[in-house]
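The values are calculated or read from the model by the stated rules, or taken from the named source; none is laboratory data. Quick caveat, the model's predicted, so the values are computed rather than measured. Reconstructed Cβ throughout: ideal geometry from the backbone, glycine too, with neighbour counts over all protein chains shown. Just so you know, the surface numbers come from the protein's heavy atoms only, side chains and all, with ligands and any DNA or RNA stripped out. Shrake-Rupley method; radii C 1.70, N 1.55, O 1.52, S 1.80 Å.
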Amino acid sequence: MIKNLGQPDRILRLVAGSVAAVIAWLYGGGWPVLGPVLWAVAAVLILTAAFATCPAYRLFGLSTCPLKKK
């Protein structure tokens, strides 16, 4: 798997995903549509941070990873 996320990008995604999960957990029951959307956003952000790869970055040829390209 090709990594395309640098450390600052991963940390930002992890924090944003955690915030989205907390908001979904606290308020998601009152918002029948927004709650599941927030859970999905949190899952995507946390998983992309965990695996250090973003499919959207790959699609557009972007990378914030400092590793040298071959």
**Prompt:** In whole angstrom, how long is each semi-axis of the equivalent ellipsoid of the chain, when you take the square root of 5 times every eigenvalue of its Cα gyration tensor and sort them from largest down?
**Reply:** 28, 11, 7
**Fill in**
Share of accessible surface on carbon and sulfur in the chain, whole %, 1.4 Å probe and ligands ignored, is 76 percent
**Asked** Can you give the charge dipole size of the chain about its Cα centre, rounded to the nearest 20 debye, using +1 on the beta carbon of Lys and Arg and -1 on the beta carbon of Asp and Glu?
**Response** 460 debye
**Message:** Apply the Karplus curve 6.51 cos²θ - 1.76 cosθ + 1.60, θ = phi - 60°, to the phi angles in the range 30-39 and return the couplings in whole Hz, x for Gly and Pro.
**Reply:** x, 10, x, 9, 5, x, x, 5, 5, 4
**Prompt:** Ranked highest first by the average count of other Cβ atoms within 10 Å around their residues, in what order do 31-43, 4-16 fall?
**Reply:** 4-16, 31-43
**Prompt:** Taking amide hydrogens as modeled 1.01 Å from N in the peptide plane, which residues meet the under 5 Å criterion relative to GLY6, leaving out close sequence neighbours?
**Reply:** THR64, CYS65
